[in-house]
Amino acid sequence: MLVALALPDWLIGEKYITLATWVLVLATFLLVIATVIMYCDSRSKGKEQRERWKREDDARTEEQKSRWERENQLRVEDAKPKVAVEIGKREDGPEIVFKCFNLGSTIFFVHQIIITATSPRTSVRTSDLVGPPVLLPGTFMSTSYDCEGLLTGSFQEAKAEFVLRGQHGLERTDPVWFYVSGDPTGGYDWTVGRLADRLPGAIVPQPRVIPKGQ
């Protein structure tokens, strides 16, 4: 009461009270607006944060998936047979000697060898493979092939492919080409490569000569 008496009359007048009331209402309204703005901003930032986390999780998931796919592809490639095929000629016979080397780190079966002539187009399969049918890493097998039944004219071009059975089924090696020609004695001779290699000036590769007993 004493405080009220000590205040000037204009401070406790009806106009001042009305003004103070409106000021309080305005301040409350501004506080509500500020609270709503802060809430909306916080909610927006929270949504952005969740979206950023989701993008980061998706990126990590995609990266893990890509890494898994690359690793799986590498495992598949590593499991495939890696071979080198060489053809040679024996000192004591005209037959072709095919050698298949296992250069990879996996074991595979040598299923068969396919000889395909180009003219006329015929396929001759042979399964009388000399050596183990299972090739361990670092080993090889060999088989010989008599071209007498392959020659139908002056020349015959043909290719040889090994069929291998690995962890992912059957696969063929890259073909090795050769061509056979008859000789005056009624026999035959053969050379590595294709007939196109006989162009003037071309260097025709020669087969490796295998000593007797090998």
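The values are calculated or read from the model by the stated rules, or taken from the named source; none is laboratory data. All values derive from a computational prediction rather than experimental measurement. As a convention, Cβ positions derive from the backbone with ideal geometry for all residues, glycine included, and neighbour counts pool all protein chains shown. These area figures cover heavy atoms from the full protein model, side chains too; ligands, DNA and RNA do not enter into them. Shrake-Rupley method; radii C 1.70, N 1.55, O 1.52, S 1.80 Å.
Restricting to segment 195-213, name every residue that is in contact (Cβ under 8 Å) with a residue 24 or more places away in the chain and surrounded by fewer than 15 Cβ atoms within 10 Å (Cβ to Cβ).
Hits for segment 195-213 are R208, V209, P211, K212.
Do the conditions hold for W68, that is, is it among the aromatic types (F, W, Y), farther than 25 Å from P137 by Cα and more than 29 Å from the chain's Cα centre (by Cα)?
no
If V180 meets every condition in (1) touching a residue at least 40 places away in the same chain (Cβ under 8 Å); (2) buried (at least 17 other Cβ atoms within 10 Å of the Cβ) apart from one, which number is that one?
Every listed condition holds for V180 apart from (1).
Evaluate segment 155-178: report whether one residue or more is modelled with pLDDT under 80 and under 16 Å from V97 (Cβ atoms).
no
List the pairs whose first member sits in segment 93-117 and is within 24 Å of G138 (Cβ to Cβ) and polar (S, T, N, Q), whose second member is at pLDDT below 85 and surrounded by fewer than 21 Cβ atoms within 10 Å (Cβ to Cβ), and whose Cβ atoms are under 6 Å apart, counting only residues at least 6 apart or on separate chains?
Pairs that qualify, where the first residue is within 24 Å of G138 (Cβ to Cβ) and polar (S, T, N, Q) and the partner is at pLDDT below 85 and surrounded by fewer than 21 Cβ atoms within 10 Å (Cβ to Cβ), are T106/A79; Q112/R125; Q112/S127.
With respect to Q167, determine if the residue is open to solvent by 50 Å² or more (accessible area, probe 1.4 Å) and of a type in the set (S, T, N, Q).
Judged against the criteria, Q167 is a match.
Filtering segment 148-164 down to residues that are under 17 Å from P184 (Cα atoms) and assigned to a strand (DSSP E or B), which residue is least open to solvent (accessible area, probe 1.4 Å)?
Only one residue fits best here, namely Q156.
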